[in-house]
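The values are calculated or read from the model by the stated rules, or taken from the named source; none is laboratory data. Model, not experiment: these values are computed from the prediction. With ideal geometry, Cβ positions are generated from the backbone for all residues, glycine too; neighbour counts draw on all protein chains shown. Remember, those area values only see protein heavy atoms, side chains included, never the ligands or the DNA or RNA. Shrake-Rupley method; radii C 1.70, N 1.55, O 1.52, S 1.80 Å.
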Amino acid sequence: SDCALPISDIVAVTAVFCVIFALSIDYYVFLLTRMREEYVRTQSNAQAVFFGIEKTGRIVTGAAAIMMGTFFAFALSNFTIIRELGIGLTSAILVDATFVRLGVLPAVMRLFGDWTWWMPTWLDERLPTFDIEGTAFEHEAAQLPGQGIAAV
């Protein structure tokens, strides 16, 4: 049939989807982590969204620019599948890093307000608490008589 896609096109589309999905998850974990930190500190959803975009904007945009440059180099290849991957990945990163990350995500988070950060109690109780920077330890150590951080 004339409408069937060649196998190289199917591979290219699948590869573009997989790579962009993985990269966008990386962007959003980084972005949402900073937003969550600010929300916990200020209890303001609007401030959290602004803070997250402000603190991660340059880093994520720089990473996106580097990847776009790399993938654009793929688009200059003589091999069709490599060229397809280069054009597809460059376009997808451009859309994800600008339109989605700077437009759609903040708009949806502002629209939902504090509901953005709601979690069912049963799930919150079952999830582990990560204290990467050791603030819980500092707080617990300060509560012990003569056992503050300075004494250690």
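The radius of gyration of the Cα set in the stretch 74-138, together with its Dmax, comes out at 20.5, 58 angstrom. Model label points for residue 122 and residue 104, set 7 angstrom from Cα along the Cα-to-Cβ axis, are 3.1 nm apart.
Can you pull the percent of the stretch 6-112's accessible area that's carbon plus sulfur, 1.4 Å probe, other chains left in place?
Answer for the stretch 6-112 is 74 percent, counting heavy atoms of protein chains only.
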